[in-house]
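Enquirer: If you scroll down you'll find the structure; I have some questions about it.
The values are calculated or read from the model by the stated rules, or taken from the named source; none is laboratory data. Note that this is a predicted model, so its numbers are computed, not measured. Note that we place each Cβ from the backbone using ideal geometry, even for glycine, and neighbour counts take in every protein chain shown. Just the protein is used for accessible areas: all its heavy atoms, side chains included, with ligands, DNA and RNA removed. Shrake-Rupley method; radii C 1.70, N 1.55, O 1.52, S 1.80 Å.
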Amino acid sequence: MIRYKGENYQGSRRGLGILLANLGTPTAPTPKAVRRYLAQFLWDPRVVELPRLLWWPILHGIILRTRPVRSAHAYQKVWTDQGSPLLAIGRRQAAALQDTLRARLSGDSEPITVAIGMRYGEPAIAVALEELRQAEIGRLLVLPLYPQYSGTTTGAIFDAVAAELRTWRRVPGLRIIEDYHRYAPYLDALARSIRKAWKEGERDQPAKLLFSFHGLPQRVASSGDPYAEQCRATARGVVERLGLADGRWAVSFQSRFGHEEWLRPYTDHTLRDWAVAGVDTVDVICPGFAADCLETLEEIALQNRDLFLKAGGRNYHYIPALNDLPDHIDALAALVLNHTCGWLEKS
């Protein structure tokens, strides 16, 4: 039996709620916290599609007995005074987006509240949605911070939002941004961040620019998931803005695990092959990550840097995610305004 959440206010609800949703993070860089996080993450059938009876003994009998210690050590390398980089940045993004939207809208438009929620870990999406419910929203826009759509990411966000809204007696108007992989302000922000990195480093364009995206099992892409092609479309859009010639850039995929085939080419293999072939300078950017996290700060900025240099490369630079840069926040604000047409009285 579902127990619906009652309303503690009367009358018409005019507020607009924006849910910024991201993957998630453990609450601490410890094996216990990482094990709890991984248990939730890897049990989601959107992430691992194996039958539950087959997957449960693998997950609890092998993976959760070995991986948390290794992952906790990696998290310790990137943990900050504010905690998880992903969550600290996410909170700054939510605050900056709310300020930007309120500044752009007239005083008599609907009040706007932005909340950050994580699909796995804390603050959970249910907690973020409750914050918006308490703000008396009448309309809800869900913005998954995944520029490229995948059922394993954006689809999982939808599942969590739908599960929570099932418990609301009064469901708000609902819209979900499916993807923004070719959204011009997002591509512009990426291109400007690359040019800025080159300028601040007082260096010309590198011998190679690598666009590294999170990986996905090949069978998922082969079943119709559009993620891989959207990643390549994002890279092409940025390359067009930079005016890079063919052969100066490439797309690759990182963060694979297990033994099955994943999207190719693999990031680590690409960097090693380039170094062996004599490529001395590489810049790497991860456009699929809206905020820096373990996969960018530890895997790309540290692990893959060491791999490239040990294989013979000389100069390796990681270009940070867009995080809470003003260009990024402006792009997200424009995206929100585009997707709330007809909802906001004036802008």
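Enquirer: For LYS199, give me every one of the lysines with a C-alpha distance below 24 angstrom, ignoring sequence neighbours fewer than eight places off in its own chain.
Expert: List returned: LYS208.
Enquirer: Where only protein heavy atoms count, and the probe is 1.4 Å, what is the accessible area per residue for the stretch 188-347 in Å²?
Expert: Heavy-atom SASA per residue in the stretch 188-347 reads 45 Å².
Enquirer: Between VAL127 and LYS5, what length comes free when the chain is fully extended (0.36 nm per residue of separation minus the Cα-Cα distance, one decimal in nm)?
Expert: So the extension gain works out to 42.6 nm.
Enquirer: Taking the stretch 187-286, which GluC sites (Glu not before Pro) meet the DSSP loop condition and have no more than 12 other C-beta atoms within 10 Å?
Expert: Within the stretch 187-286, the qualifying GluC sites (Glu not before Pro) (loop, at most 12 other Cβ atoms within 10 Å) are GLU202, GLU260, GLU261.
Enquirer: If you plug each phi of the stretch 217-229 into the Karplus form 6.51 cos²θ - 1.76 cosθ + 1.60 with θ = phi - 60°, what whole-Hz ³J(HN,Hα) values come out, in order, with x for Gly and Pro?
Expert: In residue order, the calculated couplings are x, 4, 5, 5, 5, 5, 7, x, 5, x, 4, 4, 5 Hz.
Enquirer: Right, another one. How much mean residue ellipticity at 222 nm does the chain get from its helices, if each DSSP H run of length 4 or more adds -39500 (n - 2.57) and you divide by all residues, to the nearest 500 deg cm²/dmol?
Expert: -13000 deg cm²/dmol
Enquirer: Just want to confirm a number: the relative contact order over the chain, from Cα pairs under 8 angstrom separated by 6+ residues, in percent.
Expert: It comes to 22 percent, rounded to a whole number.
Enquirer: Counting only protein heavy atoms, what percent of the accessible surface of the chain is carbon or sulfur at a 1.4 Å probe?
Expert: Here carbon and sulfur together make up 52 percent of the probe-accessible area.
Enquirer: Hey, can you grab everything whose amide H is under 5 Å from the amide H of PHE253? Only 5+ residues off in sequence or another chain; H modelled, so Pro and N-termini drop out.
Expert: PHE213, TYR266, THR267
Enquirer: Right, here's the next one. Based on DSSP, what percent of beta bridges with both residues in the chain are antiparallel, to the nearest 5?
Expert: Counting only bridges with both partners in the chain, antiparallel ones make up about 5 percent.
Enquirer: Mind listing which trypsin sites (Lys or Arg not before Pro) in the stretch 242-347 are in a DSSP loop and have 16 or fewer other Cβ atoms within 10 Å?
Expert: Sparse-neighbourhood loop trypsin sites (Lys or Arg not before Pro): ARG248, ARG314, LYS346.
Enquirer: Another one. Tell me, which longest segment in the chain has none of the chymotrypsin sites (Phe, Trp or Tyr not before Pro) that fall in DSSP loops with at most 14 further Cβ atoms within 10 Å?
Expert: 10-256
Enquirer: Also, quick follow-up: What are the aspartates and glutamates whose alpha-carbon lies under 15 Å from the alpha-carbon of LYS5, with same-chain residues fewer than 8 places away excluded?
Expert: By straight Cα distance, LYS5 reaches GLU130, GLU131, GLU136, GLU164.
Enquirer: Can you tell me the accessible area per residue over the stretch 105-185, all protein chains present, probe 1.4 angstrom, in square angstrom?
Expert: 36 Å²
Enquirer: On to the next question. Return the loop-located trypsin sites (Lys or Arg not before Pro) in the stretch 121-168 (DSSP other than H, G, I, E, B) with at most 14 other Cβ atoms within 10 Å of their own Cβ; answer none if there are none.
Expert: ARG166
Enquirer: Also, quick follow-up: In the neighborhood of PRO265, defined by Cβ-to-Cβ distances under 14 Å, what is the net charge if each Lys or Arg adds +1 and each Asp or Glu adds -1?
Expert: +2
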